[in-house]
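Working notes for the structure below.
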Amino acid sequence: MSKQIFFFTLTILLFTSCKQAPKTSYEKLEQFCIDHSTLKNLKDYNSVVVINDKTQCLNCTNMFAKAMAKRLDKNEKIVFIISDNGAMVDISDYIDKKRKNIVFDYQNDFDKLGIANGSAFIDLKDRKITSITVINAQNVGDFK
Amino acid sequence: MKLLQPVSNLLLFCVLLFATSCNTKPQSSKKWKLVQETVQYDVGFPGYFMPCQSNQKNEEYVAFVNFATYKKFAVFTTKGKHLYDVSIQQLMEQEKTDFFFGGFTGKDTFALLSKYTNRIYLIDKNARVIAKKDYSRYLLDGYEFFPKVYYKNGRIEAGVMYQDPNYPSNATVKDIAKSYHQMYGLPKWFVDPKFFDSTDFSSVQFVVDSFYTRFVKKNQFLSEGRYELNLDSLHIFYSGYTDSLYIYNKANYVLSKAIKISSNFTPKIGAKKTTFKEAKDDPNIFNVRIRNSSFINRLYFDPYRKMYYCFVRFPMKGKLLPFSIIVYDTNFNKLDEIKMDENKYSPNTFVGKKGVYILNKDNEPQNRYFSIFNYE
């Protein structure tokens, strides 16, 4: 009987060990988008824009959100993660649009991934994150 | 046996005296208690709230504001009944400005402050302008107004922040330090007793100067909102960087006294200050230090029970905001301190007739839930 229990436990362990948690930042980001939207993966996208109010410069985030909304209308290969409830940052350009590349994250769960501390522009290539630019007063003008 | 009676009485008296002498708590029979588990406000949009206002009929209101995305605010009775929404979208387009919500000025009138341009408006519930006054002339001196805005009997008051008009475009650390040090010595508060005369600026006053020089050194930098409690005869200022409340007499705006705040749950109150060099090397250092500090978060006065509630925040636990509430009488004698459950409550509150309304943690983006406590 104890032999049966041992083999049963071993089998269960073997199966569960195959299911691995996402490891790279790219995988975490992709899993986050799948969990919070209808996206299946990020392979068709070149960049991710993250908008939230966890910043020293709220005006910068508002400027960034406005500038990025123009790119949303141009149908660029960008995923937009709106990690804000719109109380401090103007997200009116995003809320009424039914697009699959807009991920709403009102509780800012994105923050838990530890990928970017604040609003950010993330470049993707070959299933990897190639750069992360956190938005601040110095660089916000570069994003148009 | 009769001879021993006085001795035993004396012994009994001594035992009682000894037992009661160990109780060092203030002599108060009052207790902090939950009087209503939930008051729900179906706001319909995410936003922050502004405290209630009582008028002569003892009615109380609370407003939930979202000017960033929805460009409106919703007014409720404190019991949770929705009264009306006020959309400011059209006013924003007409005046070509964004606004800060200044506060209630009556049941159906509100103060608005234009962002960065120092114009103060009183509007009605249809967002029609009742009065406005343009204070942009003070921008040339570096004075930019910030909420809250207070209005009473023709007198308007607002917070002031210094924006150096001569700030160089490629500022060095030395330039930044010079500019901020200038700010520490300048006034924090603006008063105009003649709001309704849009051309008369003769009575304008800028008061409460040199506030930060009391606790910030020349090479230190701070970043915070305006912390103040504005009462009829007193105006109390505080900061995340000090352990004291600074009480000003409103008749002349002279500092009358400073009250040191101490908590049973932390040895030190006041966030660690940051030097200009540290801030330049790591722009995120403010947030990290505030997150890891204990500091005075908010001060409220309860006009119904005649007491103050001082909210003290402790270092964050993940996303949770641990805090306690220190209860003071009107002379700032500490009556009690209550450690609140950070898993259930946020340190966001307003005071009403029924008690202290404390925001629940498990809010939905469209609704707000408060629990009511009082100390009676």
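Taking 7 Å steps out from each Cα toward its Cβ at A:Lys43 and B:Leu231 produces label points 6.7 nm apart. Residues whose amide H lies under 5 Å from that of B:Lys115, counting only those 5 or more places away or on a different chain, are B:Asp98, B:Phe99, B:Phe100; hydrogens are built 1.01 Å from N in the peptide plane.
Roughly how many debye, to the nearest 20, is the charge dipole of segment A:24-142 about its Cα centre, given +1 on each Lys and Arg Cβ, -1 on each Asp and Glu Cβ, and no other charges? Mind dumping the intermediate values first?
Details: 17 positive and 17 negative charges, 82 e Å.
Here the size comes out at about 400 debye.
Between B:Ser262 and B:Asp124, the simple label model (points 7 Å from Cα in the Cβ direction) yields a spacing of 5.5 nm. Distance from a point 7 Å along Cα→Cβ of B:Lys81 to each backbone N in segment B:342-376: keep the residues under 16 Å and list them by number. B:353-354, by backbone N distance to the label point.
Would you please give the FRET efficiency between A:Arg127 and B:Asn343, computed as 1/(1 + (r/R0)^6) with r the Cβ-Cβ distance and R0 = 45 Å, to the nearest 0.05? Provide the component values of the computation, followed by the final result.
On the way: r = 38 Å, r/R0 = 0.85.
Given R0 = 45 Å and the Cβ-Cβ separation, E is 0.75.
Using alpha carbons only, what's the Rg to Rh ratio of chain B with Rh from Kirkwood?
Details: Rg = 23.9 Å, Rh = 23.0 Å.
Rg/Rh: 1.04.
From the largest down, segment A:24-142 spans 32, 28, 27 angstrom on the principal axes of its Cα atoms. Got the relative contact order for chain B handy, in percent, Cα pairs under 8 Å and 6 or more residues apart? Value for chain B: 13 percent. Distances between placed amide hydrogens fall under 5 Å for B:Phe350 paired with B:Tyr357, all partners being 5 or more residues away or on another chain.
To the nearest 0.05, how large is the calculated FRET efficiency for B:Asp175 and B:Lys31 if R₀ is 51 Å and r is the Cβ-Cβ distance?
Details: r = 54 Å, r/R0 = 1.07.
Efficiency, from the Cβ-Cβ distance: 0.40.
Here segment B:70-182 is described by how far its Cα atoms reach on the three principal axes: 53, 28, 26 Å, from widest to narrowest.
Looking only at segment B:356-371, which residues have a backbone nitrogen under 16 Å from a spot 7 Å from the Cα of A:Gln107 in the C-beta direction? Counting backbone N atoms under 16 Å from the label point, the list is B:360-369.
Assuming 0.36 nm per residue, please report the length gained on full extension of the stretch B:Lys317 to B:Gln40 beyond their Cα-Cα distance. Please list the in-between numbers first.
On the way: separation 277, 0.36 × 277 = 99.72 nm, distance 2.67 nm.
Gain on stretching B:Lys317 to B:Gln40: 97.1 nm.
Per q in 0.13, 0.17 1/Å, what log10 I(q)/I(0) does a Debye calculation on the alpha-carbon atoms of segment B:246-344 return? Evaluating at q = 0.13, 0.17 Å⁻¹ gives log10 I(q)/I(0) of -0.58, -0.88. Computed over the protein assembly as shown, the range of Cα coordinates on each principal axis works out to 97, 92, 51 Å, biggest value leading.
Quick one: of the DSSP bridges fully inside segment A:24-142, what percent are antiparallel, nearest 5?
55
Rank B:Phe314, B:Phe99, B:Phe196 by mean-square fluctuation in a GNM of chain B with C-alpha springs under 10 angstrom and give only the top-ranked residue. Maximum fluctuation in the GNM of chain B, among the listed residues, is at B:Phe196.
Which order do A:Lys97, A:Lys28 fall in if you start with the one that has the fewest other Cβ atoms within 10 Å?
The order, fewest Cβ neighbours first, is A:Lys97, A:Lys28.
Pairs from the table (A:Lys100/B:Lys361; A:Lys70/A:Lys128; B:Lys339/B:Lys361; B:Lys178/B:Lys217; B:Lys33/B:Lys334) lying more than 19 angstrom apart at Cα are A:Lys100/B:Lys361; A:Lys70/A:Lys128.
Between B:Gln90 and B:Leu359, what's the calculated FRET efficiency when r is the beta-carbon distance and R0 is 22 Å? Round to 0.05. Don't jump to the answer; show the numbers that get you there.
Values: r = 31 Å, r/R0 = 1.39.
Calculated value: 0.10.
Only the coordinates and a few stated rules stand behind these numbers; no lab work does. Given the structure is predicted, the values throughout are model-derived calculations rather than measurements. Counting neighbours? That spans all protein chains shown, and the Cβs are built from the backbone with ideal geometry, glycine included.
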